[in-house]
Amino acid sequence: MTGAGAGAAHADESRRGDGHRRDRGVEPTAGTWKTWVLSSGTEIPVKPPPRGQAARRDLDAVLRAAAARTDETLEQISFWDTGSPGFRWNQIGAQLLVANPAPDTFRVVTYLNLAIYDATIAAWAWKQHYRRQRPSGERLRTAVDTPRSPSYPSEHGAAAGAAVGVLSHFYPDQAAALAERAAEHAASRVAAGVEHPSDFKAGYALGRAVGAKVARARIDGDGFDKPYRGDPDVPYPGGDGSYPVLPKDEGYIQLVIGEWKPLLIGDVTAFRSPPPPAKGSAERAAEVAEVKNYPRRKQADFAELFFWAQDPAGRPEPDSGAFVNAAQAAFYYAVDVAFIVLEDINQKIHEYKLDANPPRAARTYALTFAAMLDAYIACWNAKYHYLVGRPIHFDPTIDTLWTTYPVAAYPSGHSCNLTAPATVLGYLFPRDAHYFLSRAKENAASRLWAGIHFRSDFEAGVAMGQEVGRAVIEHAKADGSS
């Protein structure tokens, strides 16, 4: 499987031509694009850049840092200049996810990127307002390409501040270490000769303010911490009796996921899949037989199957045993999918040269992960409405290739949560739309190949993912970026 369109112009630009954009700098109107949490790009004020002697001292600091570059400095410059301003912060966030297992992986990556996007749009609004020139002078030799945008406030500072704000909220014991990484990021931009110290400082303060607002408006208000509202002494409500009830401290978190507050789709029940095949129906019996008789240890798709069964460290899922509990399963599943999507975004940003277009890059991350989070919520709402068991709950003799997740089956979570971002990525990069959707469908089918899902599970998951993805696309069409 290979993605098409390497080096192609971004979809939104290819539809209307980008010659005027090159003449006017990078995304001169991005400061007016629709934000997720901020009321507008100018909601958070940014004071004017230094003038007179203060500006001279600012430039002198750049010249001194550039003149004092060492091999170690150049290594740091290269590290932080790779990808878009949020690239390394997504890596850092991913490392924290793996080190701190929790069932809210999709919340972390989504809110991280919503904050980076809003901070980037705010930085662009103030850049166009102040239009400060990048550092310059006969003695200055930059170590990287000079960005084609005004210098103040720094887009790198904005991304760093937003990331530190959000990640510190999720991982407060890492706040000091994250601040140290931000200081490295700042020093690298000054030593590279492309930003004044005050540029990064102003961007960082702006990003921290955005991160704080995301924490207040979304992280602390989306319902993640609300308790299960049912009777803790009563088994799960509804269902056909095929799904085994887990102890409340292991299973009830799965019900609450479907009650989290979505970003865009509103009433999640409107996205609920139609009823699955009834427990005693001929259709269900045929699905059980299909899973049981699938020649899963002889097929050519065996290698592809295990591609879709990787944990963050690259190890395939175990072929026996069980997860410790449902919360662990939710973490394992979410990190599995989130890492695949993150790699896809990074690859396309690289291929389409969006690392030189911070607003477009930040928009790509934010829209894609927003689709994944909303699909997760809608999918889990449906799962614990229908409460359908897995194939081994209908026939314990079914041979599975790896552990069955202790999570209700219908619709398939992997199918929902890869198809939704795939649908959005197909909109953002239309020449690659078939690639993304075909991969999502292969991932969905792999759940049957492994023996852990029925066909109706993954077909419903794909349909739901596409529907959620289309809702996010409608938001994207109206965000002012076209």
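The values are calculated or read from the model by the stated rules, or taken from the named source; none is laboratory data. In this text, all values refer to a predicted model and were calculated from it rather than measured experimentally. Cβ coordinates were reconstructed from backbone atoms using ideal geometry, including for glycine residues, and neighbour counts include every protein chain displayed. Just so you know, the surface numbers come from the protein's heavy atoms only, side chains and all, with ligands and any DNA or RNA stripped out. Shrake-Rupley method; radii C 1.70, N 1.55, O 1.52, S 1.80 Å.
Looking across ILE345, ILE340, one residue alone is within 30 Å of ALA478 (Cβ to Cβ), modelled with pLDDT of 95 or more, assigned to a helix (DSSP H, G or I) and open to solvent by less than 40 Å² (accessible area, probe 1.4 Å). It is ILE345. Looking at ALA378, ALA334, just one residue is modelled with pLDDT under 95, among the small types (Gly, Ala, Ser), surrounded by 17 or more Cβ atoms within 10 Å (Cβ to Cβ) and assigned to a helix (DSSP H, G or I), and that residue is ALA334. Does ALA409 meet the test of being open to solvent by less than 20 Å² (accessible area, probe 1.4 Å), within 22 Å of ASP104 (Cα to Cα) and outside any helix (DSSP H, G or I)? Here the answer is yes, as ALA409 does meet what is asked.
Residues satisfying the criterion are absent from region 190-209 (criterion: under 27 Å from the mean Cα position of the chain (by Cα) and exposed (fewer than 15 other Cβ atoms within 10 Å of the Cβ)).
Name the one entry in ARG447, ARG431, ARG439 that is over 28 Å from TYR294 (Cβ atoms) and charged (D, E, K, R). Before the answer, list the steps.
Values: ARG447 fails: over 28 Å from TYR294 (Cβ atoms); ARG439 fails: over 28 Å from TYR294 (Cβ atoms).
Testing whether each residue is over 28 Å from TYR294 (Cβ atoms) and charged (D, E, K, R) leaves just ARG431.
Checked against (1) at pLDDT 95 or above; (2) surrounded by 21 or more Cβ atoms within 10 Å (Cβ to Cβ); (3) within 28 Å of GLY241 (Cα to Cα), ARG360 passes all but a single condition, namely (3).
When ARG16 is tested against (1) assigned to a loop (DSSP other than H, G, I, E, B); (2) modelled with pLDDT of 95 or more; (3) loosely packed, with under 14 Cβ neighbours inside 10 Å; (4) of a type outside the set (Ser, Thr, Tyr), just one condition goes unmet, and that condition is (2). Just one of the listed residues (ALA444, ALA463) is part of a helix (DSSP H, G or I), surrounded by 24 or more Cβ atoms within 10 Å (Cβ to Cβ) and aliphatic (A, V, I, L, M), namely ALA444. Of all residues in region 23-64, those satisfying the criterion of being under 24 Å from GLY193 (Cα atoms), touching a residue at least 24 places away in the same chain (Cβ under 8 Å) and not small (Gly, Ala, Ser) are VAL26, GLU27, PRO28, VAL46, LYS47, PRO48, PRO49, PRO50, ASP58, LEU59, VAL62, LEU63. Restricting attention to region 412-441, which residues are of a type in the set (S, T, N, Q), in a helix (DSSP H, G or I) and open to solvent by less than 10 Å² (accessible area, probe 1.4 Å)? Result: SER415, ASN417, THR419. Would you check if there is a residue in region 377-391 being touching a residue at least 24 places away in the same chain (Cβ under 8 Å) and within 15 Å of the chain's Cα centre (by Cα)? Yes, region 377-391 contains at least one residue that is touching a residue at least 24 places away in the same chain (Cβ under 8 Å) and within 15 Å of the chain's Cα centre (by Cα).
Conditions tested, residue by residue: (1) in contact with a Leu (Cβ under 9 Å, 6 or more places away or on another chain); (2) more than 15 Å from ALA375 (Cα to Cα).
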{"residue": "ILE392", "(1), (2)": "no, yes"}
{"residue": "GLY426", "(1), (2)": "yes, yes"}
{"residue": "PRO430", "(1), (2)": "no, yes"}
{"residue": "ALA433", "(1), (2)": "yes, yes"}
{"residue": "PHE458", "(1), (2)": "yes, no"}
{"residue": "GLY465", "(1), (2)": "yes, no"}
{"residue": "VAL468", "(1), (2)": "yes, no"}
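Residues in region 130-174 that are touching a His at 6+ places or on another chain (Cβ under 9 Å) and closer than 30 Å to ARG107 by Cα: SER154, HIS156, GLY157, ALA159, ALA160. So is ALA159 without any contact (Cβ under 8 Å) to a residue 40 or more places away in the chain, open to solvent by less than 20 Å² (accessible area, probe 1.4 Å) and within 17 Å of THR82 (Cβ to Cβ) or not? No, not satisfied.
Restricting the first member to region 266-280 and to residues that are in a helix (DSSP H, G or I), and the second to residues that are open to solvent by 50 Å² or more (accessible area, probe 1.4 Å), the beta-carbon pairs closer than 7 Å and six or more apart or on different chains are PHE271/GLU467.
Scanning region 447-460 for residues that are among the small types (Gly, Ala, Ser) and either open to solvent by less than 10 Å² (accessible area, probe 1.4 Å) or more than 25 Å from ARG296 (Cβ to Cβ) (or both) yields a count of 2. Are any of the residues in region 165-186 within 23 Å of the chain's Cα centre (by Cα), assigned to a loop (DSSP other than H, G, I, E, B) and surrounded by fewer than 18 Cβ atoms within 10 Å (Cβ to Cβ)? There is no residue in region 165-186 that is within 23 Å of the chain's Cα centre (by Cα), assigned to a loop (DSSP other than H, G, I, E, B) and surrounded by fewer than 18 Cβ atoms within 10 Å (Cβ to Cβ). Filtered by the rule that a residue be open to solvent by 10 Å² or more (accessible area, probe 1.4 Å) and either without any contact (Cβ under 8 Å) to a residue 12 or more places away in the chain or under 31 Å from the mean Cα position of the chain (by Cα) (or both), region 137-151 gives GLU138, ALA143, VAL144, ASP145, THR146, PRO147, ARG148, SER149, PRO150.
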